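These notes concern the structure reproduced below.
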Amino acid sequence: MQERPNLNYVRTLAAGDGDFEQKFIRIIKQEFPDEAATYLQHVRQDEPRAAAEIVHKLKHKFNILSMEKAYAFAVEYEEQLQLGNMKQDLDFRKILDTITRYLKTI
Amino acid sequence: MTCIIIDDEAAARAVVSQLCEQVPDLDVIEEFDNAIDALKFLNQQNIDVVFLDIHMPGFTGVDFVQTLKNPPKIVLTTSDTNFAIAAYEYEAIVDYLVKPITLERFEKSIQKIKNTAVRPVSKAENVASDTEKDLYINIDRRLIKLKIDDILLIEAKGDYIEVKTDTEDYRVHNTLKSIKEKLPEKTFLQIHRSYIINFTKIIDIEDNSVLIAKNVVPISRSNRPELMRRLNLL
């Protein structure tokens with residue numbers, strides 16, 4: 001079963017600061033779709049190393065959203081992309097889809 | 001203490017900024033999404049600590065550390081634990097935080113910073129140069145190293161300056177006044193409001209112009225006496 005994202009880390013960091021929590025949600029809602037789109041574009045254009053760069057950024061968001069397994073997967077996938085191997089693209093897209101759906105709920 | 005945050009991800013900057021807010025006496029002066037803008041800022045203002053992401057496109061955090069001649073205390077922030085060894089090769093780096101950063105770990109880092117004497121960087125010290133013989137110029141967010149001795153002349157062109165060398169010309173968004181401050185007075189001289197020349201490169205001088213390589217450069221009436229004074233006239 002796919003790991004589910006959450007805001008536990010963000011809420012711990014906010015320590016009751018609602019303004020920060022809202023600010024952070026705004027940022028991630030803006031930044032994540034752009035990065036996901038950039039990733040897909042590099043995959044379409046068969047640019048694995050450029051895709052690795054954006055996976056590096058995306059994996060930090062997995063971390064922030066408490067998705068430890070997704071993060072571990074992204075670490076390995078980033079290495080594969082650096083070697084020119086995009087075979088795990090579909091599994092990576094599933095993670096992106098999960099987060100995209102989640103961001104619509106917050 | 002004052003600090004700046006450098007990270008190409010807005011989400012990551014927001015996290016570090018929030019952590020800073022929870023630490024007494026730590027003020028975030030500015031946030032940057034690239035290291036080059038931060039470098040420019042550090043040439044204008046003294047700060048105590050830099051929270052620096054290593055992995056940024058183009059000019060990386062490591063490039064940033066290597067470029068600063070006398071850096072303030074630096075705390076690296078990254079998702080990659082395998083950068084840790086490289087990080088401690090630089091004296092200025094006092095700690096290394098792996099994302100996602102917890103408040104507890106962040107506070108330890110602040111303690112580490114306080115336990116080491118913070119040496120603010122003076123504007124004069126913080127020249128982006130490895131040695132006095134080099135000059136770094138910012139072209140399309142990359143810092144390109146030029147040997148000062150290779151510069152023939154610099155021409156002001158509106159908001160830009162053109163730095164001419166034997167092999168290449170570089171167009172830089174800067175002012176003649178600013179680059180003049182970085183060049184050794186011994187060999188560089190402003191001979192016109194739009195030109196600074198390396199007068200060791202002069203081929204010949206006519207009444208109101210000098211020839212440097214293939215460039216004819218005008219001499220203004222007011223600057224001519226200083227040029228003549230510096231030349232080894234027979």
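Derivation of every value follows stated rules applied to the coordinates shown; laboratory data play no part. Keep in mind that this is a model prediction, so the values were computed, not measured. A quick note on method: Cβ atoms are made from the backbone with ideal geometry, for glycine too, and the neighbour counts reach across all protein chains shown.
From the phi of every residue in the range A:6-19, what ³J(HN,Hα) in whole Hz does the Karplus formula 6.51 cos²θ - 1.76 cosθ + 1.60 yield, where θ is phi - 60° and glycine or proline is x?
My calculation for the range A:6-19 gives 8, 9, 4, 4, 4, 5, 5, 5, 5, 6, x, 7, x, 4 Hz in order.
Averaged over peptide A:13-26, how many Cβ atoms belonging to another chain are found within 10 Å of each residue's Cβ? Before the final figure, lay out the partial values.
On the way: counts 10, 2, 4, 0, 3, 0, 0, 6, 1, 0, 4, 5, 0, 2.
Across the residues of A:13-26, the mean count of other-chain Cβ atoms within 10 Å is 3.
How big is the dipole moment of chain B about its Cα centre under a simple scheme where the beta carbon of each Lys and Arg is +1, that of each Asp and Glu is -1, and everything else is neutral? Debye, nearest 20, please.
Working: 30 positive and 38 negative charges, 186 e Å.
Magnitude of the dipole: close to 900 debye.
In debye, nearest 20, what is the charge dipole magnitude of the protein assembly as shown about its Cα centre with +1 on Lys and Arg Cβ and -1 on Asp and Glu Cβ, if you could check?
480 debye
Calculate, for B:Asn46 and B:Asp159, the FRET efficiency according to 1/(1 + (r/R0)^6) with r their C-beta to C-beta distance and R0 25 Å; round to the nearest 0.05.
Numbers: r = 27 Å, r/R0 = 1.08.
Once rounded, the FRET efficiency stands at 0.40.
Quick one: which of B:204-210, B:162-168 comes out on top by average Cβ neighbours within 10 Å, and what's the full order, highest first? Display every interim value, and only then the final one.
Details: B:204-210: 12.6, B:162-168: 14.6.
Ranked from most to least packed, the peptides come out as B:162-168, B:204-210.
Simple spin-label model, 7 Å along Cα-to-Cβ: B:Ser222 to A:Thr12 in nm?
6.4 nm
Return the distance in nm (one decimal) between the two label points of a simple spin-label model at A:Arg93 and B:Thr200, each offset 7 Å from Cα along Cα→Cβ.
So the label points at A:Arg93 and B:Thr200 sit 6.0 nm apart.
Scan around B:Asn34 for amide H atoms under 5 Å from its own, H built in the peptide plane at 1.01 Å from N, and keep only partners 5 or more places away or cross-chain.
B:Asp7
Under unit Cβ charges (Lys, Arg +1; Asp, Glu -1), what dipole magnitude, rounded to 20 debye, does the range A:18-103 have relative to its Cα centre? The partial results should precede the final answer.
Values: 13 positive and 15 negative charges, 46 e Å.
Dipole magnitude for the range A:18-103 comes out near 220 debye.
Using a Förster radius of 30 Å, what is the FRET efficiency between B:Glu181 and B:Asp25 based on their Cβ-Cβ separation? Nearest 0.05, please. Show your work: numbers first, answer last.
Working: r = 34 Å, r/R0 = 1.12.
Once the sixth-power term is evaluated, E becomes 0.35.
Exceeding 26 Å between C-alpha atoms, which entries from my cross-link table qualify? They are B:Lys133/B:Lys164; B:Lys40/B:Lys180; B:Lys112/B:Lys182; A:Lys57/B:Lys147. Intermediate values should be presented prior to the final figure.
Numbers: B:Lys133/B:Lys164 16 Å; B:Lys40/B:Lys180 16 Å; B:Lys112/B:Lys182 35 Å; A:Lys57/B:Lys147 35 Å.
As for pairs spanning more than 26 Å Cα to Cα, those are B:Lys112/B:Lys182; A:Lys57/B:Lys147.
Ignoring the sites themselves, what is the longest stretch of chain B with no chymotrypsin sites (Phe, Trp or Tyr not before Pro) in a DSSP loop and at most 16 other beta-carbon atoms within 10 Å?
Values: sites that count: B:Tyr88, B:Tyr90.
Result for the longest clean stretch: B:91-234.
What does the helix-only formula give at 222 nm for the protein assembly as shown: each DSSP H stretch with n ≥ 4 adding -39500 (n - 2.57), the total divided by the residues, and the result rounded to the nearest 500 deg cm²/dmol?
On the way: 12 runs with 139 residues, N = 340.
Counting only the DSSP helices, I get -12500 deg cm²/dmol.
Using Cα positions and a limit of under 14 Å, work out the aspartates and glutamates in reach of A:Lys29, with same-chain residues fewer than 8 apart set aside.
Straight-distance partners of A:Lys29: A:Glu21, A:Asp97, B:Glu9.
Let me have the relative contact order for chain B, percent, based on Cα pairs under 8 Å that are six or more residues apart.
Values: 387 pairs, mean separation 28.9, N = 234.
The value is 12 percent.
Ordered by packing density, taken as the mean number of other Cβ atoms within 10 Å over each peptide's residues, highest first, how do A:85-93, A:52-60 rank? Walk me through the numbers on the way to the answer.
Details: A:85-93: 14.3, A:52-60: 22.4.
Result, highest mean Cβ count within 10 Å first: A:52-60, A:85-93.
Using a 7 Å offset from the Cα along the Cα-to-Cβ direction at both B:Asp166 and A:Glu68, what is the distance between the two label points in nm, to one decimal?
Modelled inter-label distance: 6.1 nm.
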